[in-house]
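Throughout, read-outs are computed from the coordinates displayed, never taken from laboratory work. None of these values were measured; they are calculated from a predicted model. Positions of Cβ are generated from backbone atoms using ideal geometry, with glycine treated the same way; all protein chains shown enter the neighbour counts.
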């Protein structure tokens, strides 16, 4: 079980969702982003006839790796050490935080730059380093904006879609010191140019660069990052120390295996054939390299992954964090990332979050799904997301978590369903009564005990006699 | 006269799985299904021991009750040649989920698989099993067809209802945008998370309206009750019917949630 | 055992327990060794199975679709002139930072008099950097650059304009062919500090989903295909 780092869901899902639904600007932004990514992914998939086959192969690669994960971890570790790097195993989030802080202190770090890393958010790294007096500069443009606002991402790939350029300009004016106050930040290129200049200083001044890893390759001991901005590369090339933070299931055996996964990753995430920069880092700079870090450290995080191996949630470990499930989820598309209150939102978050933090704290995530199945359809790693969410609902039910009224209603329904004669006798009596109550109107505008329905919809009334009652009568006619 | 293609089974013994929503709320759909199956040459029985497919229990994590109900359904229906349900959701439950639900029960595992193999959603059974190529019916209206998520993704049904609707006199079918997006019903989801459910309904309704259709058809009563309820709350003139009613020519019943007599 | 050793033991044994695996199982060891040694290929997209001229066109069109400028040069003189022309076109000083790459150093720079060449890693003040790609994958218009004194990695990220020379014969069909090339240079299981797969200039769409070039890396990528 993972640490209950600050990344565990803390707020009321329903309140947050309601807020998101009422926010018209957010709704507009979500709609555009969603349609864009959905269309682009479909186009990219159509342009690659081998997509379905690659998906099968990628699933097989991950399944193979997971069934030998201990051995691949050892093989990977050997290669990292052989190339001059160090590997640090971190069973929990706290262990990982402590290790990274120690490495930063050993490097005399005053300033740390960071590439985008969900694992670092999962373990609450930034706060930990800052509390120790180390300045942390997020370098991904969206993450930088969130950092200076003290905000959280509303979308996994487009983290600041909930902000317009005017808001961001105000943030820049407030936070970017030493720049002329009357400068023009009217256009998006203006904003990007300023961020480039401000972050350039951080890149060049950093003592330590921390990145995540989309993949780890056992054959060569390499970590792989994919970006469009190049911020990950500047983070891992300029400082004297490069720290990679990655969870243990990111491993694949060989370079060829990485190629298969990479062919699916960008296409599934943004519809690009490949991201602008795909970078393989192996060990520190070599003796005659004129640039690159002198020290390379990989922190391998468990934090609940081994607890998913070999059991009913095993398939979730194939996830490559592409975000396709989020992009296609109608619930995520309606409420955005904030409402989930978790580092990992949407369908993949609905399965992973309870695995890391327990179902009690995270029960809304797997419950807030209509099981439409779109996520599973687009997942490049063939993860049966709805089935896994259902397994969480089973655990949730067994723990007695659902509200009393819900449990009562469902138990009563099941009680009757298992007793056909009682069911038909009761329904045969009740349905005509309800039909008469609704009268000529044919529907209920309000219905006691069903306000959850009638609050937002009319409730069509029953026709009257049930099918079974009418059918039995018609059968005994002479 | 129902037209059929050559070589289809003569007079198969079919059980109608009525589904709880049809049984309780809109029996017309059940009678329409009965008529369609009989006109297609099937000998249809409606076992009295049926109530529900168990999906509400299953999807809410109540596995024990879902298994009990599934066993009951297997016992009641396994003696027939085919089981047909006017619902992609219920047919999907039996076809896709019963085998997994009863996989660990040696007394039921193979029986569940056998039942799954011969269970069909209504339009799919008419076209694929009973070989229906055209029905005799009239419905002069511009309609759009809503594919439920279970029909589309659990059962891969998309063609069958459209082929049958193509033979209905006077009916014009206009497809809506974003057909593959969920309407927001999702069973208990509709009442557990009503605001999200409603937002999804409104998005679906915008697409329905944009299609130019005045009537929505679907093979799932759950989706239809949800959409009809929202349309009626909005005061929209767009009506909802189950596809079985239209194919069986049973259009005298008021559309779902509509008043008994026209206002 | 040190704490680091304990942590390592803790994770590995948790994994082994979850998998129901025991240490020193020869069948498992063999499966892993075999996979690593054999590194079998998966499916390579059909678009990579074209003959050379078509592959070259694919390479160029994929690069251009991402906003990269591509020039074909049949001689080294043409290459040098294309590089200089591009600098002038974008109002950049006639100056380049490059590494010790033999091919780049021995280009006929005399063909463009007055050009100033600086050598070594980029320092943040260079406006234009020149690298040579050791290979490229036609399947997605992807250049492959490796770290080292020949072509320092910072050249590809710090200057606002990045120029890359690639020999036509170094353009291979797919990623797997690239990896085989790297194995030929660095040995089985070996790689340099950094391998960059670059498919365009730096970009971001983070603000209002508007694409802007030069988010942190180069604003412009210019590729010269020689041969």
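Points worth noting:
- DSSP assigns beta bridges within the protein assembly as shown; of those with both partners inside it, close to 25 percent run antiparallel.
- For the pair residue A:399 and residue A:63, label points projected 7 Å from Cα toward Cβ lie 3.0 nm apart.
- Each peptide in C:171-178, B:246-253, B:85-92 gets a packing score, the mean of other Cβ atoms within 10 Å over its residues, and the list from highest to lowest is B:85-92, C:171-178, B:246-253.
- Of all beta bridges that DSSP places with both ends in chain B, some 10 percent have antiparallel geometry.
- Considering every alpha-carbon pair of the stretch C:1-93, the percent of pairs per 5 Å bin, from zero through the bin containing the longest distance, is 2, 9, 9, 10, 11, 7, 6, 6, 7, 10, 9, 9, 5, 0.
- Simple label model, 7 Å out from Cα along Cβ direction - residue B:6 to residue A:78, nm: 6.9 nm
- Within chain A, percent of DSSP bridges classed antiparallel, to nearest 5: 30 percent
- Choice from B:106, B:161, B:12 showing the highest fluctuation, given a GNM over chain B with Cα pairs closer than 10 Å: B:106
- Inter-chain neighbour count for A:341-349: the average number of beta-carbon atoms from partner chains within 10 Å of each residue's beta-carbon is 0.
- Measuring between their Cα centroids, the stretch A:309-326 and the stretch C:200-227 lie 32 Å from each other.
- Averaged over the residues of peptide B:19-31, the number of Cβ atoms from other protein chains lying within 10 Å of each residue's Cβ is 6.
- Mean projected area (nm²) of the alpha-carbon convex hull when chain C is viewed from all directions: 17.7 nm²
- Surface/4 estimate of mean projected area, convex hull on alpha-carbon atoms of the stretch A:181-274, nm²: 8.0 nm²
- The stretch A:228-295: equivalent-ellipsoid semi-axes (sqrt of 5 x gyration tensor eigenvalues, Cα, Å): 25, 15, 11
- Kirkwood estimate for the stretch A:13-307, i.e. one over the average of 1/r between Cα atoms, Å: 20.5 Å
- Calculated on alpha-carbon atoms, Rg and Dmax of the stretch A:395-478 in Å: 16.1, 54
- Restricting the calculation to Cα atoms, the stretch B:13-129 yields a radius of gyration followed by a Dmax of 13.4, 40 Å.
- Near-label residues of the stretch A:272-291 by backbone N, under 18 Å of a point 7 Å along Cα→Cβ of residue A:50: A:272-275
- Taking Cα atoms only, the orientation of helix A:385-398 departs from the longest principal axis of chain A by about 70 degrees.
- Neighbour counts of C-beta atoms inside 10 Å place A:458, A:25, C:170, A:177 in the sequence A:177, A:25, C:170, A:458, starting with the fewest.
- Fully extended contour minus Cα-Cα distance, from residue C:169 to residue C:106, at 0.36 nm per residue: 20.8 nm
- Note on residue A:106 and residue A:186: the model spin-label points, each 7 Å out from Cα along the C-beta direction, lie 5.3 nm apart.
- Span from the the stretch A:209-272 Cα centroid across to the the stretch A:356-402 one, whole angstrom: 28 Å
- q = 0.11, 0.13, 0.17, 0.23 Å⁻¹, the stretch B:138-247: log10 I(q)/I(0) [Debye, one scatterer per Cα]: -0.31, -0.43, -0.75, -1.37
- Shape call, the stretch A:1-114: gyration tensor on alpha carbons, a/c limit 1.5: oblate
- q = 0.07, 0.08, 0.10 Å⁻¹: log10 I(q)/I(0) that the Debye formula gives for the protein assembly as shown, counting C-alpha atoms only: -0.65, -0.82, -1.15
- Footprinting exposure proxy for B:19, A:241, A:167 (fewest neighbouring C-beta atoms within 10 Å first): A:167, A:241, B:19
- Degrees between helix C:52-65 axis and first principal axis of chain C (Cα, 0 to 90, nearest 10): 80 degrees
- Viscosity 1.002 mPa s, temperature 20 °C, Stokes-Einstein D of chain B from Kirkwood C-alpha radius, µm²/s: 115 µm²/s
- Least to most buried among C:142, C:17, C:106 (fewest other Cβ within 10 Å first): C:106, C:17, C:142
- Using alpha-carbon coordinates, inclination of helix C:175-186 to the longest axis of chain C, degrees: 90 degrees
- Per-residue shielding of A:219-227, expressed as the average number of other chain Cβ atoms within 10 Å of the residue Cβ, stands at 4.
- The stretch B:100-150 and the stretch B:157-207: distance between their alpha carbon centers, rounded to Å: 18 Å
- From the C-alpha gyration tensor of the stretch A:87-198, square roots of 5λ in Å: 30, 16, 10
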